[in-house]
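For reference, the structure is listed below as structure tokens.
The values are calculated or read from the model by the stated rules, or taken from the named source; none is laboratory data. Just so it is clear, the structure is predicted and the values come from calculations on it, not from any experiment. Here Cβ is always computed from backbone atoms with ideal geometry, including for glycine, and neighbour counts include all displayed protein chains. Surface areas here come from the heavy atoms of the whole protein model, side chains and all, with no ligands, DNA or RNA. Shrake-Rupley method; radii C 1.70, N 1.55, O 1.52, S 1.80 Å.
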Amino acid sequence: MNGAQSTIPRRSFGQTRRADVWWTQPLLVFVGLSIFIVYSTWAAFQGRDYFFGNYVSPFYSPEIFGDSPHSWFGPKPEWWPGWLIFSPALLVLWAPGGFRLTCYYYRGAYYKAFWSDPPSCTVGEPRKTYWGENSFPLILQNVHRYMLFLSVFVLIILAFDAWKAMWFADAATGRVVFGVGVGTLVLAVNVVLLSGYLFGCHSMRHVVGGWTDQLSRAPLGLSTYNCVSCLNRRHMVWAWTSLFSVGFADLYVRLCSMGVWSDLRIL
């Protein structure tokens, strides 16, 4: 008997048998990420209006060098080249930014939205070959686990910033007293959402559970793995809510610093 070979016809770009509006999700992802990228880039290069009293923007924390009272090592160092733009945000944003850029969820999202690779499931894409992530520059996506470790450190600093946002200087006595403002809640909620996103990361599951071949023999490791997996089931939700919260936290502190908004004291 002669063996008959059959080939699956390749779809042209955008061709599909899907009857739903499949392009809605990649379009929303494109718009949402574009807005955040444009705003965060603009905010990072401003180098000012990033603190207000005991509040500091998460884009600028930890502030290694800078003009605010939150700076670790004082103002811009004298050895900084005059021709090079200086902003405290540029010294730290590369870590959490790199974490999101290499995130497994975001990779799938922006590959579809920005590169049409593919535009959506069972929809024709504009290329005929598949290279995967085995060559430059996409092979750099493998640094995701290292970006995770750096982002954990940044998250700890942001949690400390939320703690400092609970202590206000009394104008009458000069003493530092406990209090809660709207900005306190904004920074605290941001930390909670970032924690859900970071500790639900796919790589975090490997960190807490990948060190043993049989988790059932490691009760503590199993419990930790199950906790991370619970967060991971809503990883997309954590990714988007934390993206919005970190952007809004910067906007809130910035507008308060500029005098556009007034911070309402609750306690």
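If you go through segment 151-174 and keep only what is among the hydrophobic types (A, V, I, L, M, F, W, C) and open to solvent by 30 Å² or more (accessible area, probe 1.4 Å), you end up with VAL152, PHE153, ILE156, ALA159, PHE160, TRP163, MET166, TRP167, ALA169, ALA171, ALA172. Is it fair to say THR16 is part of a loop (DSSP other than H, G, I, E, B), modelled with pLDDT under 95, of a type outside the set (A, V, I, L, M) and surrounded by fewer than 12 Cβ atoms within 10 Å (Cβ to Cβ)? Spelling it out, it is not the case that THR16 is part of a loop (DSSP other than H, G, I, E, B), modelled with pLDDT under 95, of a type outside the set (A, V, I, L, M) and surrounded by fewer than 12 Cβ atoms within 10 Å (Cβ to Cβ). Among the residues of segment 63-82, the ones that are within 23 Å of GLY179 (Cβ to Cβ) and not hydroxyl-bearing (Ser, Thr, Tyr) come to 3 in all.
Look at segment 75-102: where a residue is surrounded by fewer than 18 Cβ atoms within 10 Å (Cβ to Cβ) and a partner is basic (Lys, Arg), sitting 6+ places away or on another chain with Cβ atoms under 7 Å, you get PHE86/LYS76. Residue check: GLY124 meets all listed conditions (1) open to solvent by less than 80 Å² (accessible area, probe 1.4 Å); (2) touching a helix residue (DSSP H, G or I) at 6+ places or on another chain (Cβ under 8 Å); (3) more than 18 Å from HIS202 (Cα to Cα) but one, namely (2). Within segment 125-136, residues that are under 22 Å from THR16 (Cα atoms) reach partners that are exposed (fewer than 10 other Cβ atoms within 10 Å of the Cβ) with beta carbons closer than 8 Å, at six or more positions or on different chains, in the pairs LYS128/ARG10.
Taking the criterion of being crowded, with 21+ Cβ neighbours inside 10 Å and more than 20 Å from SER61 (Cα to Cα), the residues of segment 175-203 that qualify are GLY200, CYS201. The number of residues in segment 204-220 that are open to solvent by 20 Å² or more (accessible area, probe 1.4 Å) and either assigned to a loop (DSSP other than H, G, I, E, B) or free of Cβ contacts under 8 Å to residues at least 12 places away in the same chain (or both) comes to 10.
A count restricted to segment 226-267 and to residues that are in a helix (DSSP H, G or I), more than 18 Å from the chain's Cα centre (by Cα) and surrounded by fewer than 18 Cβ atoms within 10 Å (Cβ to Cβ) stands at 6.
For segment 27-64, the candidate set comprises residues that are touching a Leu at 6+ places or on another chain (Cβ under 7 Å) and assigned to a loop (DSSP other than H, G, I, E, B); within that set, the residue that is nearest to CYS103 (Cα to Cα) is SER61.
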